[in-house]
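Reviewing the structure listed below.
Laboratory data are not the source of any read-out in this text; all were calculated from the coordinates shown. Worth saying up front: this structure is predicted, and the values here are computed from it rather than measured. Note: ideal-geometry Cβ built from the backbone for every residue, glycine included; neighbour counts use all protein chains shown.
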Amino acid sequence: SHTDVQIEVDTYLVDTLVAEDEALVTARESADDTTMPGAAVAPNQGKLLALLAGMIGAHRVLEFGALAGYSTIWLARAVGPQGRVVTLELSEQNAGVARRNVDHAGLGDVVEIMLGPAAESADRIIETGQAPFDLVFIDADKPNNARYLKAALELTRPGSVIVLDNVVRGGRVADPDSTDEDVHGVREALAIAAADPRLDGTALQTVGSKGWDGFAIFRRLS
Ligand code: DHB
Ligand code: MG
């Protein structure tokens, strides 16, 4: 089928360009230990996140949704040993899996996992007044996307990059009358971003091992 070819192409592209080491394979394969098997980014998507972080010389990264820590590892490697990745995770089970995978990857000192509702953890970071994050990856519960985007705007600086995962959802995002709360959350966040003069961005559809979905990528101008 069409999807089989798309997966075949992803396999070819990943085999050709995206070297996963044992720690990444272990993290990806631990998906079954999490609350959402199959939700981690694909290897070529993880690599894209790492490339973006490297392109802007990111030292500090904030992630909404750790799951098994697969994208966390990509991002933590991109910021280097002096960098910091703070990842916000609701589930104690997932946070435990992510901690195990991050430690196994030798990134225990780079990654901080904050357990609890991501919006509350983000508010706590805002209140404590940390240095701004250079890159924010929003990949948690979709109905809260707008809330996470607003928090990201409190936690970044001009030049920071904000990436939103799962903006296509098998094509459902194009339906303005959708009753799907995930679709509503994506559309709400994209509308807010589009209307905010501080943000400049685009979105791309993706196909492959994760089906039909997409990334939105924003650069903070001011
Ligand atoms: C779902 C969530 C994700 O972040 C993802 O990448 C894929 C699927 C989900 O809610 O089903
Ligand atoms: Mg996702």
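When F133 is tested against (1) farther than 18 Å from M36 by Cα; (2) within 16 Å of ligand 1 (Cβ to nearest atom); (3) in contact with a strand residue (DSSP E or B) (Cβ under 6 Å, 6 or more places away or on another chain), exactly one condition is not met: (2). From the list A118, A66, A105, the lone residue that is within 16 Å of ligand 1 (Cβ to nearest atom) and within 15 Å of R28 (Cβ to Cβ) is A66. Of everything in region 123-153 that is among the small types (G, A, S) and farther than 19 Å from F218 by Cα, the residue that is nearest to ligand 2 (Cβ to nearest atom) is A131.
Among residues belonging to region 103-113 that are of a type in the set (A, V, I, L, M, F, W, C) and assigned to a loop (DSSP other than H, G, I, E, B), point out the one that is nearest to E22 (Cα to Cα). Spell out the reasoning first.
Applying the first criterion (of a type in the set (A, V, I, L, M, F, W, C)) to region 103-113 yields 105, 107, 110-111, 113.
From the residues that got through so far, the ones that are assigned to a loop (DSSP other than H, G, I, E, B) too are 105, 107, 110.
Details: A105: 8, L107: 14, V110: 19 Å.
By that ranking, first place goes to A105.
With respect to R100, determine if the residue is more than 23 Å from L17 (Cα to Cα), of a type outside the set (S, T, N, Q) and more than 16 Å from ligand 2 (Cβ to nearest atom). It would help to see each step written out before you state the result.
Working: more than 23 Å from L17 (Cα to Cα): yes; of a type outside the set (S, T, N, Q): yes; more than 16 Å from ligand 2 (Cβ to nearest atom): yes.
Yes: the conditions hold for R100.
Working carefully through the options N94, N101, find the one that is over 12 Å from the mean Cα position of the chain (by Cα) and within 20 Å of N166 (Cβ to Cβ). None of the other options fit; the residue is N94. When every residue of region 12-34 is checked against the conditions, at least one turns out to be in contact with a Leu (Cβ under 8 Å, 6 or more places away or on another chain) and either of a type in the set (A, V, I, L, M, F, W, C) or within 15 Å of ligand 1 (Cβ to nearest atom) (or both).
Go through region 15-43 and count every residue that is within 15 Å of ligand 2 (Cβ to nearest atom) and either surrounded by fewer than 20 Cβ atoms within 10 Å (Cβ to Cβ) or farther than 28 Å from F218 by Cβ (or both). Walk me through how you get there before you give the answer.
The first filter runs over region 15-43 and keeps only residues within 15 Å of ligand 2 (Cβ to nearest atom), leaving 27-28, 31, 34-43.
Keeping just the survivors that are either surrounded by fewer than 20 Cβ atoms within 10 Å (Cβ to Cβ) or farther than 28 Å from F218 by Cβ (or both) gives 28, 31, 35-39.
Total satisfying the criteria: 7.
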